[in-house]
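Since every read-out is calculated from the coordinates, none of them should be taken as a lab result. Worth saying up front: this structure is predicted, and the values here are computed from it rather than measured. Positions of Cβ are generated from backbone atoms using ideal geometry, with glycine treated the same way; all protein chains shown enter the neighbour counts.
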Amino acid sequence: MGASVWSFLRPQPGELCPVAQRALDAFLSKAGRLPADAEGFVRYAQVIVNLKNRRAVEVLRVGFFQYRVLKDGRLDRGYFSQIVAAVPEAALGWLQLSKPPPGVVHAEHRFAKRRLEQMNTWKPTPDELSKLRRLVNHKAGREIM
């Protein structure tokens, strides 16, 4: 048993293609480059699959991520810093040392979570979901999604 991460780049709306994890890692951690869409974002779908005897048997999770890029295709580090800064408040903002005054609802963490989702994720169209399903099932050699 194990798990594997499969990534699929969305260079344009309605278009998905496999991307090597090495290329994605270089883009996120070093000075790697990936093609941006017309809006200046690199968007990709990440599929985590469960492996049995090195074969994909089920999809564990699917995520749709986006990052703003510079004109040369490198990650916009300023935008990435904003995403990283939003994570603690979105994840741990519900922890409070004091209670809010009566009649006040503590909801900052909900707004932070929504802000993080808008900055870091994209919503695929039904056609893109269908294409992703075909790509994943083809790569798995069976229907798992």
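Note on the stretch 57-83: residues that are over 24 Å from Arg114 (Cβ atoms) and in contact with a Lys or Arg (Cβ under 7 Å, 6 or more places away or on another chain) amount to 3. Comparison of Val47, Val42, Val5 shows that the only residue that is surrounded by fewer than 16 Cβ atoms within 10 Å (Cβ to Cβ) and part of a strand (DSSP E or B) is Val5. Within the stretch 1-46, being basic (Lys, Arg) and either in contact with a strand residue (DSSP E or B) (Cβ under 6 Å, 6 or more places away or on another chain) or within 19 Å of Leu132 (Cα to Cα) (or both) holds for Arg10, Arg33, Arg43. Evaluating Arg33 against the criteria (1) of a type outside the set (A, V, I, L, M, F, W, C); (2) surrounded by 13 or more Cβ atoms within 10 Å (Cβ to Cβ); (3) on the phi > 0 side of the Ramachandran plot leaves one unmet condition, (3).
Once the stretch 28-46 is narrowed to residues that are in contact with a Phe, Trp or Tyr (Cβ under 8 Å, 6 or more places away or on another chain) and touching a residue at least 40 places away in the same chain (Cβ under 8 Å), the residue that is farthest from Gln118 (Cα to Cα) is Arg33. Between a residue in the stretch 118-145 that is without any contact (Cβ under 8 Å) to a residue 12 or more places away in the chain and surrounded by 15 or more Cβ atoms within 10 Å (Cβ to Cβ) and any residue that is assigned to a loop (DSSP other than H, G, I, E, B) and of a type in the set (Asp, Glu), which pairs come within a Cβ distance under 6 Å, given they are 6 or more apart or on different chains? Close Cβ pairs satisfying both conditions: Asn137/Glu143.
One residue is enough: does the stretch 62-70 have a residue meeting the conditions farther than 20 Å from Lys131 by Cβ, without any contact (Cβ under 8 Å) to a residue 40 or more places away in the chain and not in a loop (DSSP other than H, G, I, E, B)? Scanning the stretch 62-70, I find at least one residue that is farther than 20 Å from Lys131 by Cβ, without any contact (Cβ under 8 Å) to a residue 40 or more places away in the chain and not in a loop (DSSP other than H, G, I, E, B), so the answer is yes. Among the residues of the stretch 71-84, those that are of a type in the set (A, V, I, L, M) and not in a strand (DSSP E or B) comprise Ile83, Val84. For Arg77, the requirement of being without any contact (Cβ under 8 Å) to a residue 12 or more places away in the chain and over 30 Å from Glu108 (Cβ atoms) is not met.
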